[in-house]
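Working notes, structure below.
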Amino acid sequence: MVEGPNVDEGGPKGAHDSGLPGVLGTVDSLISRFEAFALAAGVLLMAVNTVANVVGRFIFQHSIFFTEELNRIIIVLITFAGIGYAARHGRHIRMSAIFDALPVKSRKVMMIVIAIVTSLSMFALCYFAFGYIAKVQSSGRVLPALQIPVWWIFVWVPIGFFVTGTQYLMTAVKNMIEKDIYLSTNVLEGYEETETEI
């Protein structure tokens, strides 16, 4: 039987309910709220900014001079908040042909190893992103229209990598303490019926 995501004996889990104990559950809930807010605010702000620029250009014959730069900042925010969101909902692309053919115990061990290795990779990328930001900051470059330092755009990069690394680390912990196999802290391993139809 294929189990769908977010299903528990008590019914569907909430978006913020990871089932992790104590402090880990609190951290997971805070990260979830941060991701949801950052993505929603980013998409809405980009839409408002773009529509206002179009209205200004075609009705008032004047574009908003900082629209392109603001959208560039928002795209970086959405991208790096989005990687954590995708990890939380088990939506990253995965090559599962070998994984799916393994017995349950082997899949469980493999999922823990995958989550730990991915988490360490994300933390390494977070570290390197801080180094890159330091180089950009030392260059003293500013955005031409907004006149803010260029390095501010990249602040979301290490934050996104850190949040994603934390999410994968918590996924590893979840798989260690639960009998089922989890793709993330609140998504069970398996396929929806629509994903298996030919």
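The values are calculated or read from the model by the stated rules, or taken from the named source; none is laboratory data. Predicted model, so just to flag it, every value in this text is computed and none were measured. All Cβ positions, even for glycine, are placed from backbone atoms using ideal geometry, and neighbour counts span all protein chains on display.
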### Query
Can you spot a residue in segment 155-171 that is buried (at least 20 other Cβ atoms within 10 Å of the Cβ), among the aromatic types (Phe, Trp, Tyr), touching a helix residue (DSSP H, G or I) at 6+ places or on another chain (Cβ under 7 Å) and farther than 23 Å from VAL23 by Cα?
yes
### Task
Could you please give the count of residues in segment 76-101 that are over 18 Å from THR185 (Cα atoms), of a type in the set (A, V, I, L, M) and surrounded by fewer than 14 Cβ atoms within 10 Å (Cβ to Cβ)?
4
### Residue list for segment 144-176, restricted to those being in contact with a strand residue (DSSP E or B) (Cβ under 8 Å, 6 or more places away or on another chain), of a type in the set (A, V, I, L, M, F, W, C) and not in a helix (DSSP H, G or I)
ILE148
### Summary
Of the residues in segment 36-71, those that are within 19 Å of GLN147 (Cβ to Cβ), assigned to a helix (DSSP H, G or I) and more than 26 Å from the chain's Cα centre (by Cα) number 1
#### Entry: Candidate set from segment 2-28 (those that are surrounded by 14 or more Cβ atoms within 10 Å (Cβ to Cβ), modelled with pLDDT of 60 or more and more than 14 Å from the chain's Cα centre (by Cα)); member that is nearest to ASN71 (Cα to Cα)
VAL27
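Can we say ARG57 is modelled with pLDDT under 90, surrounded by 13 or more Cβ atoms within 10 Å (Cβ to Cβ), charged (D, E, K, R) and out of contact with any strand residue (DSSP E or B) (no Cβ under 7 Å at 6 or more places or on another chain)? First the steps, then the outcome.
On the way: modelled with pLDDT under 90: yes; surrounded by 13 or more Cβ atoms within 10 Å (Cβ to Cβ): yes; charged (D, E, K, R): yes; out of contact with any strand residue (DSSP E or B) (no Cβ under 7 Å at 6 or more places or on another chain): yes.
Taking the combined requirement at face value, the residue satisfies it.
Could you say which residue among ILE148, ILE116 is closer than 21 Å to ALA38 by Cα and surrounded by fewer than 20 Cβ atoms within 10 Å (Cβ to Cβ)?
Values: ILE116 fails: closer than 21 Å to ALA38 by Cα.
After applying the criteria, what remains is ILE148.
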#### Entry: Residue tally, condition in contact (Cβ under 8 Å) with a residue 40 or more places away in the chain and either in contact with an Asp or Glu (Cβ under 7 Å, 6 or more places away or on another chain) or of a type in the set (A, V, I, L, M, F, W, C) (or both), over segment 126-162
11
### Message
Tell me yes or no: at least one residue of segment 172-184 is touching a residue at least 12 places away in the same chain (Cβ under 8 Å) and farther than 23 Å from VAL23 by Cβ.
### Response
yes
### Message
Can you say whether LYS174 is among the basic types (Lys, Arg), surrounded by fewer than 19 Cβ atoms within 10 Å (Cβ to Cβ) and more than 30 Å from ILE64 (Cβ to Cβ), as far as the supplied structure shows?
### Response
no
### Query
Scanning for something more than 19 Å from the chain's Cα centre (by Cα), outside any loop (DSSP other than H, G, I, E, B), of a type in the set (Lys, Arg) and surrounded by fewer than 18 Cβ atoms within 10 Å (Cβ to Cβ), does segment 129-138 turn up at least one residue?
yes
